[in-house]
């Protein structure tokens, strides 16, 4: 059975500006994290047309993972962003 601390919890997918505010809070709280970029929204059909028409479709997201043992505290911090 894997060690419980090795299990990661997906805290969420955040806009880059939100992630810039949240990541320092996680560091200050001593919560380790891993991040991944989710650029799937950039591949959506019609995205170029929406931008040309002045509409702002979804962009890249930063997906943040934390150890399951720290998930509750990390969710409280994420709610404050």
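What the table shows:
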item: Some residue of the stretch 32-43 being assigned to a loop (DSSP other than H, G, I, E, B) and surrounded by 13 or more Cβ atoms within 10 Å (Cβ to Cβ); result: yes
item: Qualifying residue in the stretch 59-66 (condition: out of contact with any helix residue (DSSP H, G or I) (no Cβ under 9 Å at 6 or more places or on another chain), loosely packed, with under 11 Cβ neighbours inside 10 Å and either at pLDDT below 95 or assigned to a strand (DSSP E or B) (or both)); result: no
item: Neighbours by Cβ (under 8 Å, 6+ apart or cross-chain): first from the stretch 15-30, at positive phi and exposed (fewer than 12 other Cβ atoms within 10 Å of the Cβ); second in a helix (DSSP H, G or I) and at pLDDT below 95; result: none
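The values are calculated or read from the model by the stated rules, or taken from the named source; none is laboratory data. If you're wondering where the values come from, they're calculated on a predicted model, not measured in any experiment. Note: ideal-geometry Cβ built from the backbone for every residue, glycine included; neighbour counts use all protein chains shown.
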